[in-house]
Amino acid sequence: RYFPKDTSTEIVINNLGYCMSEMVNSKEKNATEGIAFLANMDDWSFTNFSISYCHSFMMMLQGKIPVRVRMFLIVNPPSWFNNIWAIMKSMLAPDFRKKVHMIPESELNEYLMDGFEQYLPDDIKCGKVPTQDMVNDFIKYRKCVE
């Protein structure tokens, strides 16, 4: 989770850019067809929010680095997020806005392939992969190839 008082926006955005770049560099399909991004907002509160974070995050997703984001799913947004979204939408290009969907977790099957649960971390209720195992596997792999 992102907590503005604990982690700088710069660190979070740099990590996002790194992960997005590696997703594209690791598979040709990702480079040609693009990637999907899922933001799990379970347990988010105003303490997770800052204008600079949202702006930097949206700029990264819209092409600050050469990665095509085909879909951005905001899952389980809290009720107060509609007010934030009204501000954030103005930061987005009109064509990117069309790629953003705010949905409850129960609608993920309408956007993702059959069996998607087997690939999601368990910090989202339907996810089956232990989150820490997924993080450790990614770090171990990156250390091996870099």
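The values are calculated or read from the model by the stated rules, or taken from the named source; none is laboratory data. All figures in this text were calculated on a predicted structure; none of them were measured in a lab. Don't worry about glycine lacking a Cβ; one is built from the backbone with ideal geometry, like all the others, and counts go over all protein chains shown.
Where residues in segment 92-102 are in contact with a strand residue (DSSP E or B) (Cβ under 6 Å, 6 or more places away or on another chain) and under 18 Å from ARG68 (Cβ atoms), which of them is surrounded by the fewest Cβ atoms within 10 Å (Cβ to Cβ)? Before you say what the answer is, go through the steps one by one.
Quick first cut of segment 92-102, residues in contact with a strand residue (DSSP E or B) (Cβ under 6 Å, 6 or more places away or on another chain) only: 99-102.
The next check asks that each one be under 18 Å from ARG68 (Cβ atoms); those that pass are 99-101.
On the way: LYS99: 19, VAL100: 19, HIS101: 13.
Per the stated criteria, the residue is HIS101.
Spot the failing condition for MET113; the list is (1) touching a helix residue (DSSP H, G or I) at 6+ places or on another chain (Cβ under 8 Å); (2) of a type in the set (A, V, I, L, M, F, W, C); (3) over 24 Å from ASN15 (Cα atoms), and only one is missed.
Single failed check for MET113: (1).
Need pairs with beta-carbon distance below 6 Å; first residue in contact (Cβ under 8 Å) with a residue 24 or more places away in the chain and farther than 14 Å from SER26 by Cα and within segment 124-146, second surrounded by 13 or more Cβ atoms within 10 Å (Cβ to Cβ) and among the polar types (S, T, N, Q); sequence gap 6+ or separate chains.
Filtered contacts from segment 124-146: ILE124/ASN40.
This table checks each residue for (1) at pLDDT 90 or above; (2) on the phi > 0 side of the Ramachandran plot; (3) among the charged types (D, E, K, R).
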| position | (1), (2), (3) |
| --- | --- |
| GLU10 | no, no, yes |
| LYS27 | no, no, yes |
| LEU38 | yes, no, no |
| SER45 | no, no, no |
| LEU61 | no, no, no |
| PRO77 | yes, no, no |
| GLY115 | yes, yes, no |
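Give the residue that is farthest from PHE57 (Cα to Cα), with candidates limited to residues of segment 97-124 that are of a type in the set (A, V, I, L, M) and assigned to a loop (DSSP other than H, G, I, E, B).
Quick first cut of segment 97-124, residues of a type in the set (A, V, I, L, M) only: 100, 102-103, 108, 112-113, 120, 124.
Keeping just the survivors that are assigned to a loop (DSSP other than H, G, I, E, B) gives 112-113, 120, 124.
Details: LEU112: 22, MET113: 25, LEU120: 21, ILE124: 20 Å.
Filtering segment 97-124 for residues that are of a type in the set (A, V, I, L, M) and assigned to a loop (DSSP other than H, G, I, E, B), the one farthest from PHE57 (Cα to Cα) comes out as MET113.
Quick one: count up the residues across segment 125-146 that are part of a helix (DSSP H, G or I) and among the basic types (Lys, Arg). Reasoning before the result, please.
Applying the first criterion (part of a helix (DSSP H, G or I)) to segment 125-146 yields 131-145.
When the remaining residues are screened for being among the basic types (Lys, Arg), the result is 140, 142-143.
The number of residues fulfilling the criteria is 3.
Looking at segment 8-39 only, could you name the residues that are in contact with a Lys or Arg (Cβ under 9 Å, 6 or more places away or on another chain) and polar (S, T, N, Q)?
Correct list: ASN30, THR32.
Within segment 120-146, count every residue that is of a type in the set (S, T, N, Q) and over 15 Å from the mean Cα position of the chain (by Cα).
Taking segment 120-146 as the starting set, the residues that turn out to be of a type in the set (S, T, N, Q) are 131-132, 136.
Of the ones still in play, those that are also over 15 Å from the mean Cα position of the chain (by Cα) are 132, 136.
Residues flagged as of a type in the set (S, T, N, Q) and over 15 Å from the mean Cα position of the chain (by Cα) within segment 120-146 amount to 2.
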